Amino acid sequence: DGGITQSPKYLFRKEGQNVTLSCEQNLNHDAMYWYRQDPGQGLRLIYYSQIVNDFQKGDIAEGYSVSREKKESFPLTVTSAQKNPTAFYLCASSDRGRRTEAFFGQGTRLTVV
Amino acid sequence: AQSVTQPDIHITVSEGASLELRCNYSYGATPYLFWYVQSPGQGLQLLLKYFSGDTLVQGIKGFEAEFKRSQSSFNLRKPSVHWSDAAEYFCAVSPPLTKIIFGSGTRLSIRP
């Protein structure tokens, strides 16, 4: 089945450590996105990529980094520079330029202690 | 700049009552419009989408939405809500060849 997979579902890290969240899709989508969601808040865009080897900052990119070396993969690194990293992270993909919706992964809940 | 506004942060309706969630967008042309639903701790699931044609679109779970160009709105409706409809609902606009823009969401609670 085609879809988008985020792993792990739950992640715990100590303060000051970098952590990488995985996002893989087998939908052959060009565009991929990372969103952060905090309780009672909507989706805030961290980074997005429209094509391999290219990505753009979203609204809250500070303290995060991404790479897009393969079409199917868009990992997000939460660095120690991110002041409040505990949150729910959602990855999505879409078929850039075509009339299709975004498909979402099930999310990763990151807790930094 | 493109934007999506969901003016209602939280709505409570009684089970069996009708529902309307509001969504207004700002975009120069007719965008692609979507409604998503999110259960707690889960990803987003597409309810319905509008690209062109008939302005009343039907979705899953008995939801429908109506595109009104004159009002720049894409409101979500359901004639009779069920307790299982309690969730967060997001409206989104997708201008061609650029990033998807989401509204801030409306949390729906169902009163028994």
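The values are calculated or read from the model by the stated rules, or taken from the named source; none is laboratory data. As the structure is a computational prediction, the values presented were derived from the model and not from experiment. For neighbour counting, all protein chains shown are included, and Cβ atoms are generated from backbone atoms with ideal geometry for every residue, glycine included. Surface accessibility is based on the protein's heavy atoms, side chains included, excluding ligands, DNA and RNA. Shrake-Rupley method; radii C 1.70, N 1.55, O 1.52, S 1.80 Å.
Annotation: of all residues in the range A:37-61 being over 15 Å from A:Leu90 (Cβ atoms) and of a type in the set (D, E, K, R), the one that is farthest from the other protein chains (Cβ to nearest Cβ) is A:Asp54. The number of residues in the range B:5-23 that are open to solvent by 60 Å² or more (accessible area, probe 1.4 Å) and under 11 Å from the mean Cα position of the chain (by Cα) comes to 3. Only residues that are β-branched (Val, Ile, Thr), open to solvent by less than 30 Å² (accessible area, probe 1.4 Å) and within 13 Å of another protein chain (Cβ to nearest Cβ) were counted in the range B:57-100, giving 3. Applying a threshold of 9 Å to beta carbon distances and a minimum spacing of six or more residues, or different chains, the list of pairs starting in the range B:86-112 at a residue that is at positive phi and ending at one that is part of a loop (DSSP other than H, G, I, E, B) and among the β-branched types (Val, Ile, Thr) reads B:Gly105/B:Ile9.
Whenever a residue of the range B:51-74 is under 16 Å from B:Tyr32 (Cβ atoms) and at pLDDT 95 or above, it has no partner that is open to solvent by 60 Å² or more (accessible area, probe 1.4 Å) and of a type in the set (Phe, Trp, Tyr) lying with C-beta atoms less than 9 angstrom away and at least six residues away or across chains.
Go through the range A:4-84 and tell me which strands (runs of 3 or more DSSP E), entirely inside it, have 3 or more residues that are crowded, with 18+ Cβ neighbours inside 10 Å. I'd like the intermediate steps shown before the answer.
Working: elements: A:4-7, A:10-13, A:19-25, A:31-37, A:43-51, A:54-57, A:64-66, A:76-78.
In the range A:4-84, the matching strands (runs of 3 or more DSSP E) lie at A:19-25, A:31-37, A:43-51.
Put simply, of A:Gln6, A:Gln17 the only residue that is out of contact with any Pro (no Cβ under 6 Å at 6 or more places or on another chain) and more than 14 Å from chain B (Cβ to nearest Cβ) is A:Gln17.
Here is a check on your reading of the model: is A:Gln106 within 10 Å of chain B (Cβ to nearest Cβ) and surrounded by fewer than 19 Cβ atoms within 10 Å (Cβ to Cβ)?
Working: within 10 Å of chain B (Cβ to nearest Cβ): yes; surrounded by fewer than 19 Cβ atoms within 10 Å (Cβ to Cβ): yes.
Yes.
Filtered by the rule that a residue be more than 10 Å from every other protein chain (Cβ to nearest Cβ) and open to solvent by less than 20 Å² (accessible area, probe 1.4 Å), the range A:86-103 gives A:Ala87, A:Tyr89, A:Ser93.
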